[in-house]
Structure formats: C-alpha cells, structure tokens
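In what follows, a single structure is set out as structure tokens and then discussed.
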Amino acid sequence: MTAVRFPPAVLFDLDGTLLDSAPDFVATAADMLAARGRPPISLEALRPVVSKGSRAMLAVAFPELPGDERDALIPEFLQRYQALIGQHATLFDGVAGMLAALDAAGVRWGIVTNKPEYLARLILPQHGWQARCAVLVGGDSLPERKPHPLPLLHAAQAIGIAPSDCVYVGDDERDIIAARAAGMPSVAALWGYRLADDDPASWNADVALDDAHSLQQAARWPTLPALPVKH
C-alpha cells in the first residue's frame, strides 16, 4: 500500500490560484477609465478574464477599441497596476493554511506565472513569501510562457526536482496544458477565475478541487510514484 504523502515540490500559478488580484485590476481599470472621463467597470465584469492577462482585461474595459489600440494601452495598464499592486488583492480562502501545511511538511514550493516577473516579485514581501518561495518564474523571464512547458521545466530544474515529482496548480486551461506537456501532475484550482463557458472537466487535470483548504491534506494531492526503498 502506497503511503499518503505530500509531493516533494509544488509550483503554483499566481493570479486566480494563490492571489485574488481581481480587485487590484478593477481599480487599475477604473483609474484608466476615469482619466478618460468614463465610469468604472464592475468586479463581476472583469473577474472572469483576470487569468487571461492584460489584453483580455483591456478588452473588457475598452470593448470599443480595435485590438491594436488596446495593445497600445498595455504599458499604461501595467504602470497604473504597479502603483497600487496589493492594495486591494487578498489571498484566496485557504491559501495561507495550505502553504503553511506545505512548509510544515518540508515541501518546496514556487510560483510560475504569466505576470511580468518584476510585478510578481513585488507581491512576495506583501505576504512574507520572500524566503518561503523557492523559485519565481514570470511571463517575461524566459523566451516562452505558459501554455508552453518551458517555464515549469525551468522552475523544477531550478529547485532540483524532477518534473514528475512536482505538482502544478493553476486555475486556467493553459496551466493544465503546460503541466501535461512538462510531465507534471496537475491540480485545477476551481476557486479561481473562469469564463462562463469554460469547462474544467475537459482540461483533464489529475485533480480538480473547489477550494484551497483541501490541499492542506496530503491525500488530496495527485498520487505520485512511490519513493524508492532504502536498503
């Protein structure tokens, strides 16, 4: 009988998985809209697309603009976001306890996000993660970003863990695609951000969970290969 254990290492997506950053992005969009004499958008309108990135959020805030004009707003969007980062965002319910359980079990954990690395690094000290997060890979850290497996493979190599011994947790289909391509077991974080027509069951994650509290229990993680027997 295989003993129940936490995985040796875990990598997490950031926005929509560890961090409920949607309120920060709503405030960012509100600043941009106010500068143009327009009313803010609602949390309900923006929240489903947060994991899709800046372009998707700007498409919600400025639906009337052509794509190239919205793309030209990305630098302003990121600059305004940087100025208020963390002021409204909170950890998802259960995340603090989950990370504490991983720390107590000696699990190494890190973050692989498509958020620009300089912005992701600003978040670490806000939650006391500087010394706890073993690796951080941003969307601009490498030549490829998720759903390409390179960021996940790079992160596993950086902490000296075989991909098959590392679990990736994310709230978007591209997270699960990247994990599968990297040979990593995956957890679909159903507590995160999704469009109404997203079907997480079709992502074929190894495990899908409704809340982060569940991951405080070793038995809720994907089953990994048995550890070699020491003689």
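Can you send over the carbon and sulfur percentage of the accessible area for the chain, probe radius 1.4 Å, protein chains only?
That fraction is 54 percent.
Can you bin segment 1-97 into rounded, prolate or oblate? Criterion: square roots of the alpha carbon gyration tensor eigenvalues sorted a ≥ b ≥ c, rounded for a/c under 1.5, prolate for a/b above b/c, oblate for the rest.
Prolate is the answer for segment 1-97, as a/c is 1.5 or above and a/b outweighs b/c.
Leaving ligands and nucleic acids out of the surface, order 119, 65 by accessible area at 1.4 Å, largest first.
65, 119
Mind checking the dipole of the chain: about its Cα centre, +1 per Lys or Arg Cβ, -1 per Asp or Glu Cβ, Debye to the nearest 20?
Numbers: 19 positive and 27 negative charges, 130 e Å.
That gives a dipole near 620 debye.
Tally the DSSP beta bridges in the chain and give the antiparallel ones as a percent, rounded to 5.
For the chain, the DSSP antiparallel bridge percentage is about 10.
With a probe of 1.4 Å, find how much accessible area the chain has per residue, and write the answer as a whole number in Å². Please report the intermediate quantities before stating the final value.
Details: 10510 Å² over 231 residues.
Using a 1.4 Å probe on heavy atoms only, each residue of the chain averages 45 Å².
Take the alpha carbon gyration tensor of segment 140-231, find the square roots of its eigenvalues, order them as a ≥ b ≥ c, and report rounded if a/c is under 1.5; if not, report prolate when a/b exceeds b/c, else oblate.
Since a/c reaches 1.5 but b/c is at least a/b, the shape of segment 140-231 is classed as oblate.
Using alpha carbon centroids, what distance separates segment 180-198 and segment 52-87, in Å?
First find each Cα centre; the distance between them is then 24 Å.
Whole-Hz Karplus ³J(HN,Hα) for segment 105-118, in order, using 6.51 cos²θ - 1.76 cosθ + 1.60 and θ = phi - 60°, x for Gly and Pro?
For segment 105-118, the Karplus curve yields 8, x, 7, 7, 9, x, 10, 10, 10, 8, 5, x, 4, 4 Hz.
Leaving ligands and nucleic acids out of the surface, order 81, 118 by accessible area at 1.4 Å, largest first.
From most accessible down to least: 118, 81.
The values are calculated or read from the model by the stated rules, or taken from the named source; none is laboratory data. What you see is a predicted model; the values in this text were computed from it and never measured. Using ideal geometry, Cβ is built from the backbone for each residue, glycine included, and neighbour counts are taken over all protein chains shown. Heavy atoms of the whole protein, side chains included, go into the accessibility calculation; ligands, DNA and RNA do not. Shrake-Rupley method; radii C 1.70, N 1.55, O 1.52, S 1.80 Å.
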